[in-house]
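The values are calculated or read from the model by the stated rules, or taken from the named source; none is laboratory data. These figures come from a predicted structure and were not determined experimentally. A quick note on method: Cβ atoms are made from the backbone with ideal geometry, for glycine too, and the neighbour counts reach across all protein chains shown. These accessible areas exclude ligands, DNA and RNA; they are computed on the full protein's heavy atoms, side chains included. Shrake-Rupley method; radii C 1.70, N 1.55, O 1.52, S 1.80 Å.
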Amino acid sequence: MAALKYAGLDDTDSEEELPPGWEERTTKDGWVYYANHLEERTQWDHPKSGKRKRVAGDLPYGWEQETDENGQVYFVDHINKRTTYLDPRLAFTVEDAPMKPSTKQKYDGNTTAMEILQGRDMSGKVVMITGANSGIGFEMAKSFALHGAHVILACRNMQRASNAVQRILEEWHKAKVEAMTLDLESLQSIREFTAAFKSTNLSLHVLICNAAILGAPWQLTEDGLESTFQVNHLGHFYLIKLLEGVLRRSAPARIVMVSSESHRFTEIKDRSGKLDFNMLSPSKKEYWAMLAYNRSKLCNILLSNELNRRLSPYGVISNAVHPGNMMYTSIHRNWWVYTVLFTLARPFTKSMQQGAATPVYCAVAPELEGLGGMYFNNCCRCLPSQEAQNEAAAAALWELSEKLVQGRAGRRDE
């Protein structure tokens, strides 16, 4: 009987993937049920697996459950001042099996970006990814493009970017994918890039700030700032500022900041507790490549949190992610020691597809609609360092970043 009941569904999709027209909801006491909008009916059993589930655990901090005039449960996020009918706990459910209860997370560290997007139609969505010509950036670009999105590869090296576009087109000749020149070491390049993008009149539904450098020797950019700080943080800050209008017009839109667990091993404040610019853009004498990278990754999370606070009222959310530990990407190419270290660690690390999963999850997961200001690892929300949660530090970094940009770019980006 069960086999006949589910025989009409596409068996190539994940067992957890809902068919088109279906929606997952919860009752006031936490049981999950499924609404079929095409047939206007509901049922307790999952339309594919036939399983019954209930949500696990309490609501996250700042959330409250309410009931509308029709008796349907909805949820209020007091922190982000938004409401949704999606239970924020749906990523964690318990199957209705009293003898063997088990909490199941939909995705984990072994999940790939393609698995996150399985069965999802991204047609009509525009996705921009910085540093997308290799590594996890390329895997994200490919995964989105193969699911119908219009993907912009924002890269410094156009030859490599064009080669990446060609590799994607070889997999699917109808893919909507293009490369545009963006050098985060140059505020002028960022202005030219955003002007060129705006001239296309495209929307922008997902912006993934992925580009980064690690292990680079000390050098100043043409704007007079230490290169790791400018590429990993300030360049992305300026890019987002110039694209803010497009993101707001495209809402709902999402920003994903690719950070790292290495953010936990540093700070950016002096002894008095104030933001220290000399830590962010140090002199050659005080420069240490790994420390500069760690500080820039801390900046990524602080920026993401402040972006969410400022833009979420306009339908643009921002979350930060850690893609994976010691992944073998081109980011290590600046110093032979890193190359050796990454090579030795390669058998024990994530693949590029697995590393791309968490950023992709934050870009598309329906349970994150309207929810930002969070940090994710292995497709699961986790707490960043105490320093990364400091709202005063996030606001101070924003103010400093604005001053640095305005002092160098003037009013030319108005």
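Brief remarks on what is shown
- Solvent-accessible surface of protein heavy atoms, probed at 1.4 angstrom with all chains present, puts 82, 271 in the order 271, 82, largest first.
- Linear extension gain, residue 169 paired with residue 272, 0.36 nm per residue minus alpha-carbon span: 31.7 nm
- The range 137-282 - percent of accessible surface contributed by carbon and sulfur, probe 1.4 Å: 45 percent
- Set of aspartates and glutamates near residue 51 by C-alpha distance (under 19 Å), chain-local residues within fewer than 8 positions excluded: 10, 11, 13, 15, 16, 17, 23, 24, 29, 87, 95, 96
- Whole-angstrom gap from the range 151-167 to the range 353-414, using each part's C-alpha centre: 24 Å
- Accessible area (Å², per residue) of the chain, counting only protein heavy atoms and a probe of 1.4 Å: 48 Å²
- Think of it as helices only: each DSSP H run of n ≥ 4 in the chain is worth -39500 (n - 2.57), and spread over all residues that comes to -10000 deg cm²/dmol at 222 nm.
- Accessible surface, 1.4 Å probe, highest first, among residues 391, 23: 391, 23
- Between residue 191 and residue 290, the contour length at 0.36 nm per residue exceeds the alpha carbon distance by 32.8 nm.
- Antiparallel DSSP beta bridges within the chain, percent to nearest 5: 50 percent
- Listed pairs 142/198; 106/350; 241/284; 81/198 exceeding 25 Å between Cα atoms: 241/284; 81/198
- Segment residue 64-residue 39, length gained on full extension (0.36 nm per residue, minus Cα span): 6.0 nm
- At an R0 of 22 angstrom, the distance between the Cβ atoms of residue 201 and residue 123 translates into a FRET efficiency of 0.75.
- Sequence-separation-based contact order of the range 154-299, relative, with Cα cut under 8 Å and 6+ spacing, percent: 24 percent
- Average Cα contact separation per residue, the chain, under 8 Å, 6 or more apart, as relative contact order %: 14 percent
- Between the helical axis of 289-311 and the longest alpha-carbon principal axis of the chain there is an angle of about 50 degrees.
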